[in-house]
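Student: Take a look at this one; I'll ask things after.
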Amino acid sequence: MMKKLAAALTGAGLFSVSMGMAHAAVGADEARKLGTTLTMTGAEKAGNKDGSIPEYTGGLTTAPAGFDKSSGVRPDPFANEKPLFSIDAKNMAQYADKLTEGTKALMKAYPEFRIEVFKTHRTVSLPKSLQENSVKNATGAKLSDDGQSLQGARAGVPFPIPKSGNEVMINHITRFQGVGFVVPRYTAYNVNASGKLVVSTQGIWTQETPYYDESKNGAATLYTRARANYTGPARRAGEAILSYEHIDAEKGSRRWQYLPGQRRVRLAPDLGYDTPNASTSGMSTIDDINLFNGKMDRFDFKLVGKKEFYVPYNAYRFAYAANPEDVFGPKVINPSAVRWELHRVWVVEAKLKEGKRHIYSKRTFYVDEDSWAALASDQYDGRGQMWRPGFNYITSNYDTGGVYSNAAGHYDLIAGTYSMNVWPGKGGVKVLDKAAPESSWTADSLSGAGVR
């Protein structure tokens, strides 16, 4: 009976098929949509009815004049465009169906919060091999361990035609940002309740995605590995953190920490789930990084469907701003610094499982159909009230393919604060041509890189 209902919903185009059973690959007939009505990675090729979302034609692959690849700073290719219109508390009812609940809550809470809506550009470009692997994954990939572990996928979107919330979130976790990248001078900022801009951490962020290492022939054991080497503020200089995100859910996330005062590396098993993120001075959780990361076993993820929303997109002006004071305002991010566009996103609702513990009782994620990056999130406290809406200020890497989607932050509507993590600014983002030696990714390597 339940299977018949799921099939009926899919046939009706409602896409709401998340009943704990849809963890297998799709059939060959449905997979044939890839490369025809769908892109090879699962997005709808066609634009929307009124043309406000254009047809996908391969993304942006030409850098604007003046781009210096060695700098890592990507100039805004749409710098000369002007907003089509703005939305704030006064006119948000007119656009309510295209605003996330978090966006509407911010408009109600802060008169100065508005979004400036620009022409939509589908800029995401992806390597040919990734696209081809995504088509193969459609009929070969599956989830095991109650939808927690990925099997049978290699170097592409695991589930280009997703049937469950877990599959969409795995697509987000494996989104392509290159084989690896370095943010050589990143900063995490907090803006406190008095409106003061405070540096929480500064440092070097290095991330690689072994999942996209073709030499492993689909046998990679890690989605991602990342390390943060803190250079500031002074009280944190010399600290370092190394993290692994395992494909096997049983291994989950593993993190090691180096503290110069102790002069030793220790396994940090508590750095996960809703543990306060030290990088943002506790204004967000560990699994808030990139809007979501880590194990999914504490929530039930329901695929609600696909819908059009206004979301931050092609946010070059914000992500690569030279002066943080120009973009971080006393209550909200400077509205004139953020570009918002209309895009189709997969909506996934996560509810805390009975008997599980987390500071959030419910979370809603909005995942981009082109990049598979989560672009926005709504997070609710234990009373069911909106608490921390989050946004990902995504930019496309027009020089290498993929996206940069680590500049993500959250507003705290209860505390009247907000935070931003892994903001590159004028230090830029440098995409790596190849992975670093394995010796760079051992726990022992942390102490060698730390400042004593």
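The values are calculated or read from the model by the stated rules, or taken from the named source; none is laboratory data. Predicted model only: the values in this text are computed from it and were never measured. A quick note on method: Cβ atoms are made from the backbone with ideal geometry, for glycine too, and the neighbour counts reach across all protein chains shown. When the accessible area is computed, the model is the full protein with side chains, heavy atoms only, and any ligands, DNA or RNA have been set aside. Shrake-Rupley method; radii C 1.70, N 1.55, O 1.52, S 1.80 Å.
Student: Using θ = phi - 60° and the Karplus relation 6.51 cos²θ - 1.76 cosθ + 1.60, list the HN-Hα couplings for the stretch 99-109 in order, rounded to whole Hz, with x at every Gly or Pro.
Tutor: Karplus-based 3J(HN,Hα) across the stretch 99-109 equals 10, 5, 4, x, 4, 5, 5, 5, 5, 6, 7 Hz.
Student: Starting from 0.36 nm per residue, how many nanometres of slack lie between ARG32 and GLU81 once their C-alpha separation is accounted for?
Tutor: 13.9 nm
Student: Sticking with this one: Pulled fully out, how much extra length does the chain show between THR275 and ASP88, if you take 0.36 nm times their separation in residues and subtract their Cα-Cα distance?
Tutor: 64.0 nm
Student: Quote the FRET efficiency, to the nearest 0.05, computed for LYS307 versus ASP444 with a Förster distance R0 of 45 Å and r equal to the Cβ-Cβ distance. Mind dumping the intermediate values first?
Tutor: On the way: r = 47 Å, r/R0 = 1.05.
Once the sixth-power term is evaluated, E becomes 0.45.
Student: Can you tell me what share of the DSSP beta bridges in the chain is antiparallel? A percent to the nearest 5 is fine.
Tutor: 95
Student: List the residues, sorted by chain then number, that are 5 or more residues from THR275 or on another chain and whose placed amide H is less than 5 Å from its amide H.
Tutor: Sorted by chain and number, the residues that satisfy this are ILE286, ASP287.
Student: Let me ask something else about it. Place the peptides 171-180, 240-249 in order of packing, highest mean first, counting for every residue the other Cβ atoms within 10 Å and averaging per peptide.
Tutor: Top to bottom by mean Cβ count within 10 Å: 171-180, 240-249.
Student: What residues have an amide H closer than 5 Å to that of LEU432, excluding those fewer than 5 places away on the same chain, when H is modeled at 1.01 Å from N in the peptide plane?
Tutor: Here the answer is GLY180, PHE181, VAL182, since their amide H atoms fall under 5 Å of that of LEU432.
Student: Could you sort 331-344, 251-264 so that the peptide with the highest average Cβ count within 10 Å comes first and the rest follow in order?
Tutor: 331-344, 251-264
Student: If I compute solvent accessible area with a 1.4 Å probe over the protein chains, what percent of it on the chain is carbon and sulfur? Before the final figure, lay out the partial values.
Tutor: Details: 9520 of 18290 Å².
C and S fraction of accessible area: 52 percent.
Student: So what J values fall out for the stretch 142-159 if you push phi through Karplus, 6.51 cos²θ - 1.76 cosθ + 1.60 with θ = phi - 60°, rounded to Hz, Gly and Pro as x?
Tutor: 7, 10, 10, 6, 6, x, 9, 10, 8, 9, x, 10, 8, 6, x, 5, x, 10
Student: Taking a temperature of 25 °C and a viscosity of 0.890 mPa s, what whole-number D in µm²/s does Stokes-Einstein yield for the stretch 155-207 with Rh from Kirkwood over alpha carbon pairs? Intermediate values should be presented prior to the final figure.
Tutor: Numbers: Rh = 14.1 Å.
Answer, rounded: 174 µm²/s.
Student: Still on this model: Total Lys pairs in the stretch 61-219 closer than 17 Å by alpha-carbon, pairs eight or more apart in sequence or interchain only?
Tutor: Total qualifying Lys-Lys pairs in the stretch 61-219 comes to 10.
Student: Quick query: amide H of VAL124 versus all other amide H atoms, modeled in the peptide plane; which residues come in under 5 Å with a sequence gap of 5 or more or a different chain?
Tutor: HN-HN under 5 Å from VAL124: LEU60.
Student: With log10 I(q)/I(0) by the Debye sum over Cα atoms at q = 0.09, 0.11, 0.12 Å⁻¹ defined as stated, name the option among (i) -0.69, -1.00, -1.15; (ii) -0.54, -0.84, -1.02; (iii) -0.71, -0.91, -1.01 computed from the structure displayed.
Tutor: Only one listed value fits the structure, namely (ii).
Student: Take GLN262 and PHE67, extend 7 Å from each Cα along the Cα→Cβ direction, and tell me the distance between the two endpoints in nm.
Tutor: Placing both labels 7 Å beyond Cα along the Cβ direction yields 4.3 nm.
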